[in-house]
Structure formats: structure tokens, C-alpha cells
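Working notes for the structure below.
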Amino acid sequence: MQQVNVKFNSVNQIRQFVDIIDKFDSTFDLGEGRRTVDAKSILGVMALDLTRPLRLRYDSEDAAIREKLAPFIY
């Protein structure tokens, strides 16, 4: 399992993020503490506290994922 912290500055960034990870066949969980959502769900992501960095966990060793997520990594 891989883990990175991500942060969003706008709704447009959230939309781009969800579009990117939706193309991968991995499971993505986003959140902090006990509050975790499916990161492929734009409504789930929007329900989180977006003022702070969030933890993204995913089940893949594909280096392309981290490369595509670079603009969002905190």
C-alpha cells in the first residue's frame, strides 16, 4: 500500500484529481483520521475538510500514479 498527502486549492483541482485516479484500476482511499472516503467519488471528496492536507492511500506499485498526482502532492 502506498501513501501520500494531497491538498486541493479549488473545485477544479478536485475534478482533475478524480478524473486522473479514475483511470487506474486500483483502490484509492482519501481522508484523515477516522473519516475516509472513496477518492474516486467526487461527492465523497467534496464532503471532506479540504482546508488541510489529506492522506491518500492506494494499492498499486505503478510509478505512473505518483507522477500523475504530482500537482496535488503536499
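Read-outs: derived from the displayed coordinates by stated rules, not from any lab. The structure presented is a predicted model; accordingly, all values stated were derived computationally and were not measured. Note that we place each Cβ from the backbone using ideal geometry, even for glycine, and neighbour counts take in every protein chain shown.
Structure notes:
- Residues that are within 13 Å of Leu69 (Cβ to Cβ) and not hydrophobic (A, V, I, L, M, F, W, C) within segment 10-39 comprise Gln13, Gln16, Asp19, Asp22, Lys23, Ser26, listed in sequence order.
- Selection within segment 36-63: residues that are in contact (Cβ under 8 Å) with a residue 40 or more places away in the chain and over 14 Å from Asn5 (Cα atoms). The member of this set that is surrounded by the most Cβ atoms within 10 Å (Cβ to Cβ) is Ser60.
- Within segment 48-67, restricting attention to residues that are under 11 Å from the mean Cα position of the chain (by Cα) and not aliphatic (A, V, I, L, M), the residue that is nearest to Ile20 (Cα to Cα) is Arg66.
- Candidates are the residues of segment 1-35 that are acidic (Asp, Glu) and surrounded by fewer than 16 Cβ atoms within 10 Å (Cβ to Cβ); the one that is farthest from the chain's Cα centre (by Cα) is Asp25.
- Scanning segment 36-47 for residues that are within 9 Å of the chain's Cα centre (by Cα), outside any strand (DSSP E or B) and over 15 Å from Ser10 (Cβ atoms) turns up Ala39, Lys40.
- Residue in segment 9-30 that is part of a loop (DSSP other than H, G, I, E, B), within 10 Å of Phe72 (Cβ to Cβ) and either in contact (Cβ under 8 Å) with a residue 12 or more places away in the chain or not acidic (Asp, Glu) (or both) present: yes
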